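Have a look at the structure below, then the notes.
The values are calculated or read from the model by the stated rules, or taken from the named source; none is laboratory data. Note that the structure is predicted; figures quoted are calculated from it, not measured. Cβ placement follows ideal geometry from the backbone for every residue including glycine, while neighbour counts extend to all protein chains displayed. SASA here: full protein model, heavy atoms, side chains in, ligands and nucleic acids out. Shrake-Rupley method; radii C 1.70, N 1.55, O 1.52, S 1.80 Å.
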Amino acid sequence: MSSSDLLTKAEEVPGLWRNRDFRRLWGGQTVSLLGSRVTELALPLTAIVLLDASPAQLGLLNAAQYLPVLCVTLLAGVIADRARRRPLLIGANLGRAAVLTLVPLLAWTQGLSIGALCVIAFLTGVLTAQFDVAYQAYLPALVPKEQLVEGNSKLQASRSVAETAGQGLGGALIQWLTAPVAILVDCLGYLVAAAALLRIRTPEVRPVRAGRTSVRKDVAEGLRVTLRSRLLRVIMFHASWYNLLWDVVLVVFPLYGIRVLGLGPAGLGGVVAAGSIGALGGSLAAGRLGARLGVGRAMVSGMAVASAATLLLPLAPGPGATGIAVLVAGYVLNGFGIAVFNIHSITLRQATVPGHLIGRVSATFRFVTWAVIPAGGLLGGLLATVFGPRTALLVTGVGLGVGAVAFVLSRTAKQS
């Protein structure tokens, strides 16, 4: 079935809000995402306030959170293609709740250390990697193909709301309850999500395997299928290019905002939060854009807007109203465009990849596109040191723009 057929049929099917099981998935995921944003802030604050962590120790803690992406993502894809996905999601939520409960318990018993926090962050990352891979593979079993765009749009919208509200909620809870206790809110969110998943009644067929194969061969098959598909290959490599350079922005922009433009922490936070507001708008508009332009053109247009928007950041004249407006416009447009790209690229993968391979293909995407992120951080530090923050952002914006032009001109992407 072509992408245009999916969008046409979607108009003939009742909306997903009438699908009780989808509402359970969506509601549980929204609650757990809000809790996750709390923990993203609470873990480093726990290290700083209770353990007087050094910058190097905070770097280790951050690395422990991202290391599972490189270590276990491909294996997570194999597991997601060998087992039913819903039990994997429930287990990952329960596991994260159990692991994170250790933070307040260790804090109350005086047993908390940087090493313990790193282990907890790593284990949580392992479970999150499994959840994220199984999650993308599970949605096609829950909703019809023609409603994948709508489903991914609603799930992306809840993620955007969590990004916007979660940090503010986290700050308030940490101020009120202390960081270790605030982490318990995340644990509660994971328990609520697991309960919601347990109530889903749509039957899920166990993936069919043609004979027993080794984990290595299963991983290799996922890589081979992804790389042999021109459509998947183009999308994956461009997403990697975007992630590499966007991490440069994430590293350089705080330095640029504080030292060059003279923004305060509150102003900097407000500008960055605008990206989540843009992402919410992109989530709500993605379906209509897909219906009007086609899935492929909507996808490449979203990436073009997201990439071009980064060029606004180094053009901001200063901390006044005009400068703030330019920065906010850049982040809003970037958030809008990347949400449209993500929704349609995930939908294409779910609609075109056979069910018994989608876990491994999703894992391959996640592994390749996230593996470049640490290099982006190093590149950002180098560019800012050599050229200064403003020029570093300008060079990065040009690099993103060149990649977006190549993506827009790609026949493979436009034909999807």
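Residues checked against (1) under 29 Å from PRO140 (Cβ atoms); (2) of a type in the set (Asp, Glu); (3) surrounded by 20 or more Cβ atoms within 10 Å (Cβ to Cβ); (4) at pLDDT below 90:
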{"site": "ALA53", "(1), (2), (3), (4)": "no, no, no, yes"}
{"site": "ALA63", "(1), (2), (3), (4)": "no, no, no, yes"}
{"site": "ASP81", "(1), (2), (3), (4)": "yes, yes, yes, yes"}
{"site": "LEU88", "(1), (2), (3), (4)": "yes, no, yes, no"}
{"site": "ASN93", "(1), (2), (3), (4)": "yes, no, yes, no"}
{"site": "ARG96", "(1), (2), (3), (4)": "yes, no, yes, no"}
{"site": "GLY115", "(1), (2), (3), (4)": "no, no, no, no"}
{"site": "ILE120", "(1), (2), (3), (4)": "no, no, yes, no"}
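The criterion of at least 2 residues that are open to solvent by 50 Å² or more (accessible area, probe 1.4 Å) and closer than 28 Å to GLY281 by Cβ is met by the following helices (runs of 4 or more DSSP H) wholly inside region 312-416: 321-352, 389-408, 411-415.
If you check THR73 against the conditions, is it within 30 Å of VAL361 (Cβ to Cβ) and of a type in the set (S, T, N, Q)? Here the answer is yes, as THR73 does meet what is asked. I'm trying to understand the selection: among the residues of region 254-282, which are open to solvent by 40 Å² or more (accessible area, probe 1.4 Å) and assigned to a loop (DSSP other than H, G, I, E, B)? Matches in region 254-282: GLY262 only. Suppose we keep only residues that are under 17 Å from the mean Cα position of the chain (by Cα) and of a type in the set (S, T, N, Q) within region 122-155. Which one would you say is modelled with the highest pLDDT? Filtering region 122-155 for residues that are under 17 Å from the mean Cα position of the chain (by Cα) and of a type in the set (S, T, N, Q), the one modelled with the highest pLDDT comes out as THR124. Please verify whether GLY270 is modelled with pLDDT under 90 and out of contact with any Gly (no Cβ under 9 Å at 6 or more places or on another chain), treating the condition exactly as stated. Yes; evaluated as a whole, the condition is true for this residue. Condition test on PRO203, is it open to solvent by 60 Å² or more (accessible area, probe 1.4 Å) and modelled with pLDDT of 80 or more? So PRO203 fits the description; yes.
In the set LEU75, LEU43, only one residue is open to solvent by less than 40 Å² (accessible area, probe 1.4 Å), modelled with pLDDT of 80 or more, aliphatic (A, V, I, L, M) and part of a helix (DSSP H, G or I); that residue is LEU43. Just one of the listed residues (ALA80, ALA107, ALA98) is assigned to a helix (DSSP H, G or I), under 30 Å from ALA47 (Cβ atoms) and touching a helix residue (DSSP H, G or I) at 6+ places or on another chain (Cβ under 6 Å), namely ALA107.
Can you tell me which residues in region 370-416 are modelled with pLDDT of 90 or more and within 21 Å of ARG233 (Cβ to Cβ)? If the condition is that a residue be modelled with pLDDT of 90 or more and within 21 Å of ARG233 (Cβ to Cβ), then GLY399, LEU400, VAL402, GLY403, ALA404, VAL405, ALA406, PHE407 are the ones that fit. Within region 14-40, being open to solvent by 50 Å² or more (accessible area, probe 1.4 Å) and either hydroxyl-bearing (Ser, Thr, Tyr) or more than 16 Å from ARG159 (Cβ to Cβ) (or both) holds for PRO14, TRP17, ARG18, ARG20, ARG23. Limited to region 175-198, what total is found for residues that are closer than 20 Å to LEU112 by Cα and either open to solvent by less than 30 Å² (accessible area, probe 1.4 Å) or modelled with pLDDT of 80 or more (or both)? Count: 9. Pairing residues of region 64-75 that are of a type outside the set (A, V, I, L, M) with residues that are open to solvent by 10 Å² or more (accessible area, probe 1.4 Å) and assigned to a helix (DSSP H, G or I), at Cβ distances under 6 Å and at least 6 apart in sequence or on separate chains, gives GLN65/GLY125; PRO68/GLY125; PRO68/VAL126; THR73/ARG366; THR73/PHE367. Pairing each residue of region 263-278 that is without any contact (Cβ under 8 Å) to a residue 40 or more places away in the chain with any residue that is surrounded by fewer than 17 Cβ atoms within 10 Å (Cβ to Cβ), provided the two are 6+ apart or on different chains, yields C-beta distances under 7 Å for LEU268/PRO254; LEU268/ILE258.
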